[in-house]
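S.K.: Take this structure first; my questions come after.
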Amino acid sequence: MSERIVKLIIDGKEIFAKPTDTILKAAIDNGIQIPTLCYLEGLTPHGGCRLCVVEVKGNPKLMTSCTTPVSNNMEIITNSPKLIKYRKQIIELLLAERIHTCSVCIANGSCELQELASKFGVDHTNVSRNWERFELDMSHERFVLDHNRCILCTRCIRVCDEIEGVHTLDIKRRGKDSMIIVDLDEPWSASYSCTSCGKCSAVCPVGAIYVKGKPLSETKRKELPKFITERRRR
Amino acid sequence: MKEIVINPVTRIEGHAKVTIFLDENDEVKEARFQVTDFRGFEKFCEGRPFYEMPSITSRVCGICPVSHLLASVKACDQIASVIIPETAERLRRLMHFGQIIQSHALSFFHLSSPDLLLGMDYSPMKRNIFELIEKYPEIAKRGIFLRRFGQQIIERLSGKRIHSGEWIMPGGVKTPLSKEKRDMILRDTPEALKMIQVTLEEFKKSIERFRDEVESFGNFPTYYLGLVSEKGLLEHYDGKIRIVGPDGEIVADNLEPTKYFEYIGEAVEPWSYMKFPYYKQKGYPAGVYRVGPLARLNIVQKCGTPMADKELREYRKLGKNGIVESTFLYHYARLIEILYSVEKVKEMLEDPKILDENVQAKSYASREEGVGVAEAPRGTLIHHYKVDRNGKIIWTNLIIATENNNLAYNMAITQVAKKYVNGKRLDEGMLNRVEAVIRAFDPCLSCATHTWGRMPLSIHLYDSRGKEVDRLIQENLP
Ligand code: SF4
Ligand code: SF4
Ligand code: FES
Ligand SMILES: [Fe+2]
């Protein structure tokens, strides 16, 4: 019995979950909201953005709820002044790292980063902004890859690999120099593997991968990976 | 040589500085209008996808964003090789009329009326819209109503008041006009017509009082340039370029707006960031031309709406051969254009075609170049882009409406300075007049980083060795 169900406390509320569940899943299943960004239901968790951090009693480190499995008698806090402070800082850093001028961005009004910034009241950054400019890849007939807006969440990579199954997209370099690449760092139009399915543009949380000539509000489909995985036989 | 600097000019949009040069006898030799703020928009755009241009460039200005939007989107239509649906064009025009009404109302009522009604010698601390509301509440009310009327057209079409960069898009506009919104705008038009008519009547009656200003506020011959419709009527969105000479003769007509570089030269001067466009065939600086309301009324046969045409006939009596030269009369021309725009708004809204739902044509980049030209409230506005084969911007050139008048500013300021400046002291009345003549042009210099009325005014007096010997600063005009 205790093998199959664990008991834990989230924000003072006693809840039950499967041992394979992550903290995030257990929270969502019990109506507790934790902010996320790189996480997308239906894709393997990446644990990169660290927006979903929570406090776990007895553990001095903050844990990413999207990747940390639950365990028996865990006590978790999802919202505290400390967590809010960290989340705000993460949003600030994301905004500062590439050129996020919402007012002239194609994603203005349908961007998850912008939404988070406004939810957390981040209206400026305390770190100096990096204005380095990257060349866009506009070579694909239907899609644009604009590195200047990319937050390196890897949703596009995961959806292309796990759902479409072609692994056209990947990442090169490390840290702040990381860049999304197509195949072996080629222009998108030269890609042999890309099936032009558009899943990457459907899940990109910002205006970094999008469909040419269409408002983002029409092409964003965050629920796509969940929808597809649920229909697949396991 | 002494140098007087008025810096920055208050109650115009953006940053500016006026420098007046005196000769050894303390007589005004020359005056220059300088723009010291460089924003580098052209550089900023390189590498971006062409369809981002409307939204980026409409931020050149917070006062006339719709005009930039239109010039930009027309350039994009060309790059995408698309002919937009008829009603998309109607809606774009409609929004532009909203822009013209609100911009002209701002210029006349909020920015210039304090000078006109309270007088140029009125205490500068109180020569502003608030004092106007106090002393002339009826007039201030009309200004506020007309401005809102224009703003609401923009808002009701796009859902946003200032930046409509997502509504106007290459290929047309994003959403059609709903019947309710149409009726809302239409409901306000009779009131708007009445208000602009009353204002025109009052302005005409007051003209006698401004005889000095009419004579000396930039009253000189130039060429006039702008768009006219196929029939030679007033045109703000499309049409062909016409250039009219100082005596009213048409010196060039039916010019292709996209070939502007064949007849407009762009000179540069080391002391200003603003370019100096001129009529190429006459050379620099002899080819000085003016744009904007005054120029537009000088180049057209008629406006094309009954009430505005009646006013135009009366207005033209102030000129020779129907050509009105005085920069001061830009104000008058602006009022006639407001009347025309309100008439047009009514006419367009009464045509059921305005509700047509086919407002978008789809297309991608297919040409390497596009030029969009529109008549902004302040005059002819040109956006010119070149793109690579994927539609990435590689080169841009913008000629902003205000720039077209650049040569004329210097002439106008020199004329005013010669009449009113006494080199031995800084006298407020004359400074106000220097500013007022600039405001008559209604320049819009960089963008709305500063709003009217909140800029400090500083005046510097230099001696012949370039040493500052006097300074006058008024902190934060209310
Ligand atoms: S379009 Fe489909 S196949 Fe091509 S990169 Fe995007 S997700 Fe992968
Ligand atoms: S392109 Fe979009 S989805 Fe891909 S890593 Fe960048 S932000 Fe994430
Ligand atoms: S959502 Fe958990 S780390 Fe990004
Ligand atoms: Fe402007």
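Just so you know, all these numbers are worked out from the coordinates, no wet-lab data involved. Quick caveat, the model's predicted, so the values are computed rather than measured. Positions of Cβ are generated from backbone atoms using ideal geometry, with glycine treated the same way; all protein chains shown enter the neighbour counts.
S.K.: Extending each Cα 7 Å along its Cβ direction at residue B:318 and residue B:427, get the distance between those two points in nm, one decimal.
M.R.: According to this spin-label approximation, the distance is 2.5 nm.
S.K.: Same structure, new question: At residue A:28 and residue A:89, where each label point lies 7 Å from the Cα along Cα→Cβ, what is the point-to-point distance in nanometres?
M.R.: 2.7
S.K.: Can you work out D for region B:43-102 in µm² s⁻¹ from Stokes-Einstein, where Rh is the Kirkwood radius over C-alpha pairs, the temperature is 37 °C and the viscosity is 0.692 mPa s?
M.R.: The Stokes-Einstein estimate is 269 µm²/s.
S.K.: Using a 10 Å cut-off around each Cβ, can you sort A:188, B:395 from fewest to most neighbouring Cβ atoms?
M.R.: Least crowded to most crowded, the residues run B:395, A:188.
S.K.: If you place +1 on the Cβ of every Lys and Arg and -1 on the Cβ of every Asp and Glu, how big does the dipole about the Cα centre of region A:6-79 come out, in debye to the nearest 20?
M.R.: So the magnitude is around 140 debye.
S.K.: Under 8 Å for C-alpha pairs, at least 6 residues apart: give me the relative contact order for chain A, rounded to a whole percent.
M.R.: 18
S.K.: What is the angle, in °, between the Cα long axis of helix B:179-206 and the longest principal axis of the Cα atoms in chain B? Nearest 10 is fine, range 0 to 90.
M.R.: Taking Cα atoms only, the helix is inclined about 30 degrees.
S.K.: So, one more: Relative contact order for region A:6-79: what percent, with Cα pairs under 8 Å and sequence separation of 6 or more?
M.R.: With pairs under 8 Å counted, the relative contact order is 42 percent.
S.K.: A further question on this structure: Quickly work out the residue B:43-to-residue A:80 label distance, labels modelled 7 Å from Cα along the C-beta direction, and quote it in nm with one decimal.
M.R.: 4.8
S.K.: Could you give the angle, 0 to 90 degrees to the nearest 10, between helix A:81-97's Cα long axis and the longest principal axis of the Cα atoms of chain A?
M.R.: Approximately 10 degrees, to the nearest 10.
S.K.: Same structure again: Net charge near residue B:239: determine it from the other residues with C-beta under 9 Å of the C-beta of residue B:239, scoring Lys and Arg +1 and Asp and Glu -1. Could the numbers behind the result be given before it?
M.R.: Details: positive: B:240, B:242; negative: B:230, B:235, B:238, B:375.
Once all neighbours under 9 Å are counted, the net charge is -2.
S.K.: With each run of n ≥ 4 DSSP H residues scored as -39500 (n - 2.57), what mean residue ellipticity at 222 nm is computed for the protein assembly as shown after dividing by its residue count and rounding to the nearest 500 deg cm²/dmol? List each step's numbers first, then the result.
M.R.: Numbers: 21 runs with 233 residues, N = 712.
Theoretical 222 nm ellipticity from helices: -10000 deg cm²/dmol.
S.K.: Work out which GluC sites (Glu not before Pro) in chain A are exposed loop sites (DSSP not H, G, I, E or B, at most 12 other Cβ within 10 Å) and give the longest gap free of them.
M.R.: Formally, the longest exposed-site-free interval is A:4-131.
S.K.: Another one. Considering only Cα-Cα distances, which of the following residue pairs are longer than 23 Å: A:82/A:172; A:176/A:220; A:61/A:82; B:141/B:317; A:199/B:43? Spell out each step's value before the answer.
M.R.: Details: A:82/A:172 33 Å; A:176/A:220 26 Å; A:61/A:82 12 Å; B:141/B:317 30 Å; A:199/B:43 33 Å.
Among A:82/A:172; A:176/A:220; A:61/A:82; B:141/B:317; A:199/B:43, the Cα-Cα distance tops 23 Å for A:82/A:172; A:176/A:220; B:141/B:317; A:199/B:43.
S.K.: Now a separate question. What list of ³J(HN,Hα) couplings, whole Hz, do you get for region A:207-217 from phi and the Karplus terms 6.51, -1.76, 1.60, once you set θ to phi - 60° and write x for glycine and proline?
M.R.: Karplus values, whole Hz, x for Gly and Pro: x, 8, 10, 8, 8, 4, x, 10, x, 4, 4.
S.K.: Rounded to the nearest 0.05, what FRET efficiency is calculated for residue A:44 and residue B:362 with R0 set to 35 Å and r the Cβ-Cβ distance?
M.R.: E(calc), rounded to 0.05, equals 0.45.
S.K.: For the protein assembly as shown, what is the Kirkwood estimate of the hydrodynamic radius, computed as the reciprocal of the mean inverse distance between distinct Cα atoms, to one decimal in Å?
M.R.: 28.4
S.K.: Provide the per-residue ³J(HN,Hα) series for region B:397-408, in order, calculated from phi with Karplus coefficients 6.51, -1.76, 1.60 and θ = phi - 60°, each as a whole number of Hz, with x at glycine and proline positions.
M.R.: Couplings: 9, 10, 10, 7, 3, 4, 4, 4, 8, 3, 4, 5 Hz.
S.K.: Counting pairs of Cα atoms in region A:5-135, how many percent are more than 19 Å apart?
M.R.: Numbers: 4535 of 8515 pairs.
Result: 53 percent of Cα pairs exceed 19 Å.
S.K.: Something else now. Using the alpha-carbon atoms, what tilt in degrees (0 to 90, nearest 10) does helix B:330-350 show relative to the longest principal axis of chain B?
M.R.: Its long axis makes an angle of about 20 degrees.
S.K.: If the viscosity is 0.890 mPa s and the temperature 25 °C, what translational diffusion coefficient in µm²/s does Stokes-Einstein give for chain B when Rh comes from Kirkwood over Cα pairs?
M.R.: This corresponds to a translational diffusion coefficient of 109 µm²/s.
S.K.: Can I ask one more? Could you pull the Rg and Dmax for region A:6-79, using just the Cα atoms, both in Å?
M.R.: Just the Cα atoms of region A:6-79 yield Rg and Dmax of 11.1, 31 Å.
S.K.: What is chain B's relative contact order, in percent, from Cα pairs under 8 angstrom and six or more apart in sequence?
M.R.: 28
S.K.: Using a Förster distance of 35 Å, how high is the FRET efficiency between residue B:252 and residue B:212, based on the Cβ-Cβ distance and rounded to 0.05?
M.R.: Approximately 0.55, to the nearest 0.05.
S.K.: If you split all Cα-Cα distances of region A:117-231 into 5 Å bins from zero, what percentages do you get per bin, shortest first?
M.R.: 2, 11, 20, 24, 19, 13, 7, 4, 1, 0
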